[in-house]
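Student: Here it is: the structure, laid out below.
The values are calculated or read from the model by the stated rules, or taken from the named source; none is laboratory data. All figures in this text were calculated on a predicted structure; none of them were measured in a lab. Calculation scope for accessible area: heavy atoms of the full protein, side chains included, ligands and nucleic acids excluded. Shrake-Rupley method; radii C 1.70, N 1.55, O 1.52, S 1.80 Å.
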Amino acid sequence: SALEKALTLNPNLAEAHASLAMIAWRFEYNWIASEQEFKQALNLDPTYPPAHYWYAIFLATRGQKQEALQQMSQAVGVDPLSGVVHWHAAYVDILLRQYDAATVAAEKALAVDPGYFPAYTEWSAGWPTPRGEFPLPSQRGEGQGEGWPWRDEAVVGQSFQGFPLSPLSRGGDARWRA
């Protein structure tokens with residue numbers, strides 16, 4: 001594979017080790033290997049944000065709350081002006097059922113990067129706060145309801161707020177990119 005070749009040429013690539021960690025976790029269900037690869041990636045480059053936020057998600061799904069929050073804190077510290085990093089912080093907070101903190105992180109993601117499209121689509125899916133409120137209601141638009149309000153526009157090839165959308169796949173759970 002390309003990762004194996006990259007690591008043969010340079011075994012000290014944090015990006016490759018982080019990618020191997022994701023493969024071991026999400027596709028091979030090998031949590032031990034995944035954790036080892038995440039730690040290797042972070043040891044090689046502690047300033048690589050994806051290694052921190054992917055590892056944080058991994059830890060959160062395993063119920064390791066403090067460790068997950070620590071990894072997200074480090075990711076934000078490395079790249080505080082990244083909407084992607086703040087969005088992953090919101091996702092980790094959702095996994096940890098910290099809905100108010102997730103709302104703050106999602107709002108920060110949009111504040112630092114108003115064009116970060118996944119923040120709009122994910123919040124439109126309706127992640128509620130503990131009080132049953134839906135975060136960022138102004139981003140959902142009038143009459144949009146719950147779910148994916150922009151999916152139909154994307155299917156017919158239109159755009160959302162000036163961002164042309166192209167389907168990465170077709171079907172019930174399509175993923176979109178701006």
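Student: Quick one: Karplus J couplings for the stretch 83-91, per residue in order, coefficients 6.51, -1.76, 1.60, θ = phi - 60°, nearest Hz, x for Gly and Pro?
Tutor: x, 4, 5, 5, 5, 5, 4, 4, 5
Student: So, one more: Give the average over all directions of the projected area of the C-alpha convex hull of the stretch 10-85, one decimal, in nm².
Tutor: One quarter of the hull surface, i.e. the mean projection, equals 4.8 nm².
Student: Which of the lysines could a cross-linker bridge to K39, judged by Cα under 20 Å and excluding same-chain residues fewer than eight apart?
Tutor: K65
Student: A follow-up question, please. Quick one: with all protein chains in place, what share of the accessible area of the stretch 1-100 is carbon or sulfur, to the nearest percent (1.4 Å probe)?
Tutor: Of the solvent-accessible surface of the stretch 1-100, carbon and sulfur hold 54 percent.
Student: Give me the number: length gained by fully extending L9 to R26, i.e. 0.36 nm times residue separation minus the C-alpha to C-alpha distance, one decimal in nm.
Tutor: Gain in length upon complete extension: 3.6 nm.
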